[in-house]
Amino acid sequence: MKIKKGDSIIVVSGKDRLKKGKVLKVFPKQDKVLIEGLNLRKKHVKPKKSGEKGETIQVSVPINVSNVKLICPRCSQPARVGCKVVGKNKFRTCKKCYQEI
């Protein structure tokens with residue numbers, strides 16, 4: 001998976017199309033990423049104490065990694081991610097400006 005925790009991304013398809021966010025968590029086995037403040041769903045929460053009311057809260061749900069693109073920190077544009085190996089080190093590169101990410 002070429003997207004990592006802390007990366008800035010843009011959503012390419014879906015209801016949150018063209019929205020930007022930061023990756024909070026990565027799920028490589030499911031090919032999904034959790035993005036801060038995007039792909040929200042309503043969740044009904046039971047009251048914890050007697051006398052309180054239940055409520056609905058909004059929770060971020062993971063989105064498929066194929067629906068997001070990484071925003072390059074150098075050129076500030078959405079770009080595909082490549083890979084470059086120098087010796088024993090492996091680096092991610094931007095396919096637009098060819099700089100290391």
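Quick notes on this structure:
- Label sites at MET1 and ARG74, each approximated as a point 7 angstrom past Cα along Cα to Cβ, lie 2.5 nm apart.
- For segment 1-15 versus segment 69-89, the inter-centroid distance based on Cα atoms is 13 Å.
- Counted residue by residue at 0.36 nm each, then reduced by the alpha carbon distance between them, the extension gain from THR56 to LYS15 reaches 12.7 nm.
- Potential extension, LEU40-LYS96 segment - 0.36 nm per residue separation minus Cα distance: 17.1 nm
Bear in mind these aren't lab numbers, they're just calculated from the coordinates by the rules spelled out. Please read all numbers here as calculations on a predicted model, not as lab measurements. Note: ideal-geometry Cβ built from the backbone for every residue, glycine included; neighbour counts use all protein chains shown.
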